[in-house]
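Notes for the one structure printed next.
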Amino acid sequence: MIEAAKDLAEPLAQYLIGRIKAEGPLSVADYMAEALGNQRFGYYMTREPFGQHGDFVTAPEVSQMFGELIGLWVADYWLKSGTPERLALIELGPGRGTLMADALRAIKAVPGLSKALRLHLVEMSPRLRDLQKQTLPPLTPDIKWHGQLAQAIEAAKGAPLIIIANEFFDALPIHQLVSTASGWHERLVGLDEAGGNFTPLLAATPSLLSVMLAPHVALTPIGSLAEICPAGLQVIKEIASALEAQGGAALIIDYGTVTSAAGDSLQALTRHQYSDPFKNPGQADITAHVDFAALGRAASSARTHGPVTQARFLENMGINARAQSLKAGATEAQAHDIDEALKRLTDENEMGSLFKVLGLTAPSGPLPAGFEDPNLPEDK
Ligand code: SAH
């Protein structure tokens with residue numbers, strides 16, 4: 001399957017070369033959007049990204065504990081909100097559907113919640129939609145798929161919302177800007193002299209996009225590179241206004257930074273190895289670090305919680321106790337795997353501190369679980 005997919009990716013390079021020859025260099029954002037999301041040849045349409053035989057492993061694929069604790073987080077918020085009769089659970093970019101399957105198992109233990117739930121999955125890849133259908137239990141009530149968040153919110157009108165996104169924002173296209181003596185110029189993707197390879201270059205004139213940089217980033221020295229993700233800001237604004245209008249909460253989990261900073265974070269992963277993002281578009285996962293400070297600023301119509309590290313969030317949600325109870329009924333080999341998974345998810349040298357968790361709620365809503373900071377006094 002992977003071999004067959006490889007052949008399909010070549011036409012994407014050909015198509016992009018043709019596009020650059022006709023229109024001139026592309027923004028990094030356009031290049032990234034095509035590499036990941038081209039309807040025929042994009043990475044998510046053709047490849048198997050996840051797991052040992054794919055290109056990368058995400059937290060829900062590491063252990064069932066991750067999705068289960070998110071299920072408990074959803075249940076906690078529903079209970080604190082006074083058990084509304086309907087709750088729309090929206091997931092952005094569900095991948096193989098593993099997180100949602102594990103979350104639904106935990107949710108089932110909470111009387112009344114499964115009945116209240118309506119599921120909305122936002123997924124652009126028909127291939128991954130099929131996989132999600134296979135992973136999710138056949139009795140899951142009322143699942144709808146949407147291409148975009150706005151459609152899911154529209155379909156969920158009238159009900160409070162819970163929105164979950166794990167490793168979704170890192171896949172949204174970024175623009176890159178470089179600071180020069182004549183201002184911030186956009187980094188573009190052009191062709192080398194032979195015309196067969198993609199190569200980054202600088203636009204001749206300064207870019208208006210620099211108004212989107214955080215003020216302290218805009219002042220970084222000449223030669224610095226900075227990134228902005230208008231697509232991510234758009235999504236977070238849609239989430240914030242939907243929460244304000246309908247009530248509910250959102251949980252954004254991704255790798256990235258708590259403060260905005262200059263730096264080139266564009267990366268490509270093939271078979272768990274870093275590769276050149278400007279080579280073989282469509283054949284590698286291309287992502288960028290998420291700027292959580294920028295997301296927080298854009299979500300100003302909602303109330304933000306955190307970001308905290310993934311380790312802090314999972315520990316607050318009880319991952320250590322969950323691991324202990326799983327180990328109680330496990331063989332020695334299984335117990336070893338549970339310990340390894342726990343370490344992978346929470347160790348600061350693994351996913352524990354690079355990954356951050358941001359919560360959003362309606363301004364007047366109850367406080368979500370998981371964001372307590374034991375270093376702060378109770379009343380803060
Ligand atoms: N949440 C999953 C998968 C993360 S990979 C996990 O943790 O395992 C990113 C997911 O987002 C994939 O399902 C991909 O197809 C989807 N995706 C990426 N960009 C998208 C977009 N612009 N619109 C809808 N889905 C998108």
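The values are calculated or read from the model by the stated rules, or taken from the named source; none is laboratory data. Everything quoted here is computed from the prediction, not taken from an experiment. Every residue, glycine as well, gets a Cβ built from its backbone with ideal geometry; the counts of neighbours run over all protein chains shown. Just so you know, the surface numbers come from the protein's heavy atoms only, side chains and all, with ligands and any DNA or RNA stripped out. Shrake-Rupley method; radii C 1.70, N 1.55, O 1.52, S 1.80 Å.
For the stretch 197-222, how many residues are in contact (Cβ under 8 Å) with a residue 40 or more places away in the chain, in a loop (DSSP other than H, G, I, E, B) and of a type in the set (Ser, Thr, Tyr)? So the count comes out to 1. Residue 111 falls short on exactly one of the conditions (1) away from the ligand (no atom under 12 Å from the Cβ); (2) in contact (Cβ under 8 Å) with a residue 60 or more places away in the chain, and that condition is (2). Within the stretch 13-49, restricting attention to residues that are among the polar types (S, T, N, Q) and in a helix (DSSP H, G or I), the residue that is most open to solvent (accessible area, probe 1.4 Å) is 14.
Listed by position, the helices (runs of 4 or more DSSP H) enclosed by the stretch 304-380 that each have at least 3 residues that are over 20 Å from the mean Cα position of the chain (by Cα) are 319-328, 332-346.
Inspection of the stretch 291-300 finds a residue satisfying the criterion of being touching a residue at least 12 places away in the same chain (Cβ under 8 Å), of a type outside the set (Val, Ile, Thr), in a strand (DSSP E or B) and away from the ligand (no atom under 16 Å from the Cβ). Picking from residues in the stretch 280-290 that are farther than 20 Å from residue 190 by Cβ and open to solvent by less than 20 Å² (accessible area, probe 1.4 Å), the one that is farthest from the ligand (Cβ to nearest atom) is 290. The residue pairs whose first member lies in the stretch 318-329 and is free of Cβ contacts under 8 Å to residues at least 24 places away in the same chain, whose second member is open to solvent by less than 60 Å² (accessible area, probe 1.4 Å), and whose beta carbons are closer than 7 Å, counting only pairs six or more residues apart or on different chains, are 327/335; 327/338.
Among the residues of the stretch 139-167, those that are open to solvent by 50 Å² or more (accessible area, probe 1.4 Å), of a type outside the set (A, V, I, L, M) and more than 16 Å from the ligand (Cβ to nearest atom) comprise 141, 142, 157, 158. The set of residues in the stretch 116-138 that are more than 9 Å from the ligand (Cβ to nearest atom) and of a type in the set (Ser, Thr, Tyr) contains only 135. Summed over the stretch 24-60, the residues that are away from the ligand (no atom under 14 Å from the Cβ) and at pLDDT 95 or above give a count of 6. Among the residues making up the stretch 79-90, those that are open to solvent by 10 Å² or more (accessible area, probe 1.4 Å) and under 30 Å from residue 324 (Cβ atoms) are 79, 80, 81, 83.
Under the condition of being closer than 21 Å to residue 57 by Cα and either in contact with a Gly (Cβ under 7 Å, 6 or more places away or on another chain) or away from the ligand (no atom under 15 Å from the Cβ) (or both), the residues counted in the stretch 72-99 number 2.
When each of 312, 271, 322, 297 is tested for being under 30 Å from residue 246 (Cα atoms) and open to solvent by 70 Å² or more (accessible area, probe 1.4 Å), the lone residue that passes is 297.
Among the residues of the stretch 96-110, those identified as open to solvent by 10 Å² or more (accessible area, probe 1.4 Å) and not aliphatic (A, V, I, L, M) are 96, 98, 102, 105, 108.
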